[in-house]
1. Kindly list, by first and then second residue, each pair from a residue in the stretch A:26-53 that is more than 10 Å from chain B (Cβ to nearest Cβ) and within 21 Å of B:Leu179 (Cβ to Cβ) to a residue that is of a type in the set (Phe, Trp, Tyr) and part of a helix (DSSP H, G or I), limited to pairs with Cβ atoms under 7 Å and residues at least 6 apart or on different chains.
2. Of the conditions (1) under 30 Å from B:Arg94 (Cβ atoms); (2) facing chain A (nearest Cβ under 8 Å); (3) surrounded by 18 or more Cβ atoms within 10 Å (Cβ to Cβ), B:Gly166 fails just one. Which one is it?
3. Confirm whether A:Thr245 is within 24 Å of the chain's Cα centre (by Cα), closer than 24 Å to A:Asp32 by Cβ and not in a loop (DSSP other than H, G, I, E, B).
4. Test each condition in (1) touching an Asp or Glu at 6+ places or on another chain (Cβ under 9 Å); (2) not in a loop (DSSP other than H, G, I, E, B) for A:Gly232 and report the one that comes out false.
5. For the stretch B:18-71, which positions are more than 8 Å from chain A (Cβ to nearest Cβ) and not in a helix (DSSP H, G or I)?
6. Are any residues in the stretch A:182-229 part of a strand (DSSP E or B) and over 26 Å from A:Asp29 (Cβ atoms), and if so, which ones?
7. Give A:Asp32, A:Asp15, A:Asp106 a once-over and let me know the one that is touching a Phe, Trp or Tyr at 6+ places or on another chain (Cβ under 9 Å) and either basic (Lys, Arg) or modelled with pLDDT under 90 (or both).
Amino acid sequence: MINGRRHQPMISCEDMGEILAPYALGALDILDRKPVEAHIQACLPCAQLAREYQEIASSLPYGVPLLDPPADLKEKVMGQIAMQPQTPLPTTPAPSRWQRFWSSLDALLRPRAVGIALVGAVAVLALTIWVIALETDLNSERTASQTLAENLRQQQQTWAWALLPAVRKYTLGGTDAAPRAWGTMLFEGTSQQGMLVVADMAPLSGDKVYQLWLVQDNQRTSGGTFAVDTSGRAQLRVWAPQPLTAYQSMGVTIEPVGGSPGPTGPRVLRGPMQPWTGPN
Amino acid sequence: MEYTPLPDQDLVARIAQGDREALGLIYDRYARVIYSVSFRLLGDRGAAEEITQDVFLSLWLRAGTYQTDKGKFSTWLFSIAHNRAVDALRRRRREGTPTPIDTPDMERIAANGPDPAQQSAIMTDRRLVQQALVKLPDPQREVLVMAYYQGLTQVEIANRLSAPLGTVKTRMRLGLLKLKEMLKSINDEENRTQ
């Protein structure tokens, strides 16, 4: 996604029970994996079930005829990682600080009374907590940078997909309420799933969201809510109850957080469900 | 330090610290399987090589995100590898790129691999999995093979079999559970006869 918050439909635990086997077998497409992974992150029982299926599926690689990789592949891998420096976690960050502190504390306390030793113990405890917190911070920073790299990779994949000729591209234009705004709906064939990419939209206050509406015979169906980033961009994964080609038009309005059952706020984007013909 | 007997999770912890030797050992343990699965899915050596390289680079960069309490390391690694390979395969299909078919001259197992004990374990696992797959009911084996070894999505499988999507999902679930049962049963039987 393009830094905007993406609001994905929730999958119930009951639905997860059905979908975890296909997930473990790699039988979900790349976009369908995301809501499953989001659910697993938040739901311990489903995460446990997912692990069980994945453990079983992980025996399947052993079922194929085994081939030797090229002899020089290991060299290539090792050469490649040599050019990709990690930000290594310190092997034993706590002991070095601990040892330095302990040495000075030991020298200080050795000849003194037990009471002073107790004060020292409290100091040691406080220092240990500080060191653990420091280490946690380092881990968090490292994880954040890895997550960023992974997000970038996923963005590249999304855009690679969006540029394929088979992907339909329907355009939305800004209304008087947001004349500079624009958007594109992308989807394949008669899929019920698509992706809305928007830009040049105003960031909203915390109690408002943008909501996509899919219009069929004057009936409006919500396509999901989203917020844009500070540069006015966002990307929304859309699941429609019918193939997206069944809708005649679409629009985006401003609604209270959580979305509305029908449009209530000003419309900022609108467009017919007609193929995009390229830039003017 | 003698690294070879170290379990996967210890080696991964070392990789997360920037230890290249540990990565080399994990490569020796799993590269062959990852390369073979990628080849099975993509049908050409160049692509299989690319996926294998990509997986180990990813491991190098993401080793710190592996959590031992969230499952076996090999499950985590194979899941990354399989997802990369099926994504590449589906990209090709969308682009209409034909899948090249490199026919392997023969199954080549390095008898003197870097870790003979590991190679022997891989061969044992392979035999067990093949026996278990053969014993699965046909409809369950069929969906497992189409999904895992052919990289088809559940929807594509349903279309090809002209079966409802729900039926395909159920067969996958039952197939995995049966596979687990079969693997345990074959393993127990072999242990009894040894």
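1. A:Val36/A:Tyr23
2. Going through (1) under 30 Å from B:Arg94 (Cβ atoms); (2) facing chain A (nearest Cβ under 8 Å); (3) surrounded by 18 or more Cβ atoms within 10 Å (Cβ to Cβ) one by one, B:Gly166 breaks only (3).
3. Spelling it out, it is not the case that A:Thr245 is within 24 Å of the chain's Cα centre (by Cα), closer than 24 Å to A:Asp32 by Cβ and not in a loop (DSSP other than H, G, I, E, B).
4. (2)
5. Hits for the stretch B:18-71 are B:Asp19, B:Gly43, B:Asp44, B:Tyr66, B:Gln67.
6. Within the stretch A:182-229, A:Trp182, A:Lys208, A:Val209, A:Val215, A:Gln219, A:Arg220 meet the criteria.
7. Within the list A:Asp32, A:Asp15, A:Asp106, the selection yields A:Asp32.
Per-residue answers, yes or no, for (1) crowded, with 19+ Cβ neighbours inside 10 Å; (2) hydrophobic (A, V, I, L, M, F, W, C); (3) out of contact with any His (no Cβ under 8 Å at 6 or more places or on another chain):
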site	(1), (2), (3)
B:Leu59	yes, yes, yes
B:Ala63	yes, yes, yes
B:Lys70	no, no, yes
B:Phe73	yes, yes, yes
B:His82	yes, no, yes
B:Leu89	yes, yes, yes
B:Glu95	no, no, yes
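The values are calculated or read from the model by the stated rules, or taken from the named source; none is laboratory data. Nothing here was measured: the structure is a model prediction, and the numbers come from that model. Cβ coordinates were reconstructed from backbone atoms using ideal geometry, including for glycine residues, and neighbour counts include every protein chain displayed.
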